[in-house]
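Asker: Quick one: the structure is below, questions incoming.
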Amino acid sequence: MKLRRSAIAAAAFAAAATGAIAPAASATTTASAKPAAPQRTAVACYLYVDDSRGYYNVRTAKFPTAGLIKKYTGTRLPVWDRCGEELGETYQCAVGEPRDRYYVAVNYNGRKGYVAAACAGGLGA
C-alpha cells in the first residue's frame, strides 16, 4: 500500500513539475475505494393450501361473494406483490369457525386474486 501511494505521489509531483496533467485514475488509491454493497436477493413468498381443507378459493376482490377465479387445489400460489395480509369484508371459512377480515393478494397465472387468509395454510417462502 505504501509503495502504491509513493508511486502516485511521484507521478503527481512529476506532472506538476513538467506542467503535464496526471490522469484522474492515478490520483486515486485502492484504499479509498468503497467496498461493494452486499447483493440482496428477493425471497419468494407463497400462500400455502391448508392440508385439512385441500383447497382455497381465489376471488376477484376482497369479499366472500366476489367472482370466483379458481378453486385452487395445488400446493401454493405466489403472492401478488408483498408477503402480507389486507383488510377486506368479513367472511367465515366454514360453519362454526370464527369470522375474519384478512385476505392475501395472490398471483394466479398473471391475474391478481384474493384468498381469505384464515382459510389458507399460511404464508411462507
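Asker: Output wanted: per-residue J couplings in Hz (rounded whole) for region 91-107, from phi through Karplus 6.51 cos²θ - 1.76 cosθ + 1.60, θ = phi - 60°, x for Gly and Pro.
Answerer: 9, 9, 5, 8, 4, x, 8, x, 7, 8, 10, 9, 10, 10, 7, 10, 10
Asker: When a/c reaches 1.5 or more, the comparison of a/b and b/c decides; with that in mind, is region 48-125 rounded, prolate or oblate per its Cα gyration tensor? Present the calculation step by step, with values, prior to reporting the outcome.
Answerer: On the way: a/c = 1.38, a/b = 1.19, b/c = 1.16.
In terms of gyration-tensor shape, rounded.
Asker: Moving to a separate point now. Going by the alpha-carbon gyration tensor, a ≥ b ≥ c the square roots of its eigenvalues, is region 43-89 rounded (a/c under 1.5) or, if a/c is not under 1.5, prolate (a/b greater than b/c) versus oblate? Provide the component values of the computation, followed by the final result.
Answerer: Details: a/c = 1.83, a/b = 1.09, b/c = 1.68.
Verdict is oblate for region 43-89.
Asker: Just the number, please: carbon plus sulfur as a percent of the accessible area of region 58-123, 1.4 Å probe, no ligands or DNA/RNA counted.
Answerer: Working: 1760 of 3840 Å².
Ligands and nucleic acids excluded, carbon and sulfur reach 46 percent.
Asker: Moving to a separate point now. With charges only on Cβ, +1 for K and R and -1 for D and E, what is the dipole size of region 73-124 about its Cα centre, in debye, rounded to 20? Numbers along the way, then the final one.
Answerer: Working: 6 positive and 6 negative charges, 36 e Å.
My answer is approximately 180 debye.
The values are calculated or read from the model by the stated rules, or taken from the named source; none is laboratory data. Keep in mind it's a predicted model, so treat the numbers as computed, not measured. As a convention, Cβ positions derive from the backbone with ideal geometry for all residues, glycine included, and neighbour counts pool all protein chains shown. These area figures cover heavy atoms from the full protein model, side chains too; ligands, DNA and RNA do not enter into them. Shrake-Rupley method; radii C 1.70, N 1.55, O 1.52, S 1.80 Å.
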